[in-house]
Amino acid sequence: MQQKCDGSIVQLFDILFPALEKETIWCPDNSEIVQDGVAPSNLFEGAKSRMTKIRNTTHRKRCIRLDFPGHAHELTFSCYKSLPLLSQEVYCKILGVAIEMARGKHRFDLWAYVFMPEHVHLLIHPRDEIYSISHILQTIKQSTARKAIYYLRRNDPSGLHLLATGQKYSPYHFWQDGGGYDRNIIATETLILAVNYIHANPVRKGLAKSPDDWMWSSAREWSGGVGPVHIDLQNFPIK
Ligand code: NI
């Protein structure tokens, strides 16, 4: 099926998967929506090159979550207004705990992560056939936001205004609205590229000399050391 890529990929998914969950997202890093060899058909393998054409757009797009058994998901989400909230260790710790908690609740493997000052990348692999990436993300983000705002109220009330939304029922946000960026990955080579990409983030941004130098990353655990949030590599296709 040939489709143009100027946003029409959303319609393509609408046609193919009308019942799938969809939501509005903000894509950080001007990233693209890409499907990587997605079941149930191999349609997306061919569609991939066309989909990459929506790379470098900075428009709001809809994120089509494809919760397919066995797929890994590369998730990216940003702090509210892209504020460098995660440059403060306390919030990284809160986020780490939130990921641990979500892992207990939703049964997924955490294969790689990096907490950048203003955004987060996670590579996760749900263990169950039936799962919801939206629920997993919601658990992680809500728990972090609740604790971070509580912390701010008690310890730095003057800092709260940075997170103020002006909305009555949701007065403070820790995370940018929307689901972030979600890419399904099944091919082993793509998984390895994703892990390396995630670990290279602080180096690319000039924040670290090597991936292992960045505290809030799984790079050290991948090279045999320990990191602040434990990763589960027993189900990773190669080691
Ligand atoms: Ni990044």
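Nothing in this text is a laboratory measurement; each read-out follows from the coordinates by a stated rule. Quick caveat: nothing in here was measured; it's all calculated off a predicted structure. Cβ placement follows ideal geometry from the backbone for every residue including glycine, while neighbour counts extend to all protein chains displayed.
Rounded to whole Å, give me the distance from the Cα center of the stretch 174-239 to that of the stretch 90-139. One Cα centre to the other: 12 Å.
I need the trypsin sites (Lys or Arg not before Pro) found in the stretch 192-235, filtered to DSSP loop residues with at most 12 other beta carbons within 10 Å of theirs.
Working: sites: ARG204, LYS205, LYS209, ARG220; in loops: LYS205, LYS209.
When the trypsin sites (Lys or Arg not before Pro) of the stretch 192-235 are filtered for loop state and at most 12 Cβ neighbours within 10 Å, LYS205, LYS209 remain.
Can you tell me the FRET efficiency between LEU160 and MET215 if r is taken as the Cβ-Cβ distance and R0 is 22 Å, rounded to the nearest 0.05? The pair LEU160/MET215 has a calculated efficiency of 0.30.
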